[in-house]
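Participant: Mind looking over this structure? Questions follow.
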Amino acid sequence: NSYFFFSFFLFFFFVFFIFWIFFDLSIFKKILNNILSILCIGISNASFHIAERTLLLWRGEYFVSLIAQQRNIVLPSLYRYLIRSENVHWHPQVRVLANNVLKLFKSMDDGLYKREEKKYLNDRKRGV
């Protein structure tokens, strides 16, 4: 499947690129939207390996510190993908990792987490 190979390549390119840009916070801020797009693709990927590797990025302290500094942008972008992976991904390990990332966001900023949760539930009720 060409989509699988593209996703796999995209993920490894992303990991390589992440290590390069993490040394400069100003670069990270400039390309945050692109990083979020790639994270959304990885988190929601049906491939266990790609979703797992994407979610394992949150085990890195520096990655988490950068995400924490930009959590007001990151959590609203990733919340629905994390919830979906937590609830419906076919592999149990991906569901556990998605849950762990959500718990991490909740511990970073409980108020922001609750606002995103409420917004998500309202969107679900409206069918969005």
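Participant: Being in contact (Cβ under 8 Å) with a residue 12 or more places away in the chain and small (G, A, S) is the filter here, so list the residues in the stretch 48-102 that pass it.
Facilitator: Result: A51, A68, S77, S85, A98.
Participant: Does I67 meet the test of being farther than 25 Å from L25 by Cα and buried (at least 20 other Cβ atoms within 10 Å of the Cβ)? Quick ask: steps written out before the conclusion?
Facilitator: Details: farther than 25 Å from L25 by Cα: no; buried (at least 20 other Cβ atoms within 10 Å of the Cβ): yes.
Criteria not met by I67.
Participant: Among the listed residues V128, V74, identify the single one that is surrounded by 15 or more Cβ atoms within 10 Å (Cβ to Cβ) and β-branched (V, I, T).
Facilitator: Details: V128 fails: surrounded by 15 or more Cβ atoms within 10 Å (Cβ to Cβ).
Checking each option against the conditions leaves just V74.
Participant: In the stretch 78-125, how many residues are open to solvent by less than 40 Å² (accessible area, probe 1.4 Å) and either farther than 21 Å from L57 by Cβ or of a type in the set (S, T, Y) (or both)?
Facilitator: 5
Participant: To continue, here is another question. How many residues are open to solvent by 10 Å² or more (accessible area, probe 1.4 Å) and part of a helix (DSSP H, G or I) if we restrict to the stretch 47-62? Step through it out loud before you land on a result.
Facilitator: To start, the set of residues in the stretch 47-62 that are open to solvent by 10 Å² or more (accessible area, probe 1.4 Å) comprises 47-49, 52-53, 56-62.
The next check asks that each one be part of a helix (DSSP H, G or I); those that pass are 48-49, 52-53, 56-59, 61-62.
The total comes to 10.
The values are calculated or read from the model by the stated rules, or taken from the named source; none is laboratory data. Remember, it's a predicted structure, so these values are computed and weren't measured experimentally. Quick reminder, even Gly has a Cβ in these numbers, built from the backbone with ideal geometry, and neighbours come from all protein chains shown. These accessible areas exclude ligands, DNA and RNA; they are computed on the full protein's heavy atoms, side chains included. Shrake-Rupley method; radii C 1.70, N 1.55, O 1.52, S 1.80 Å.
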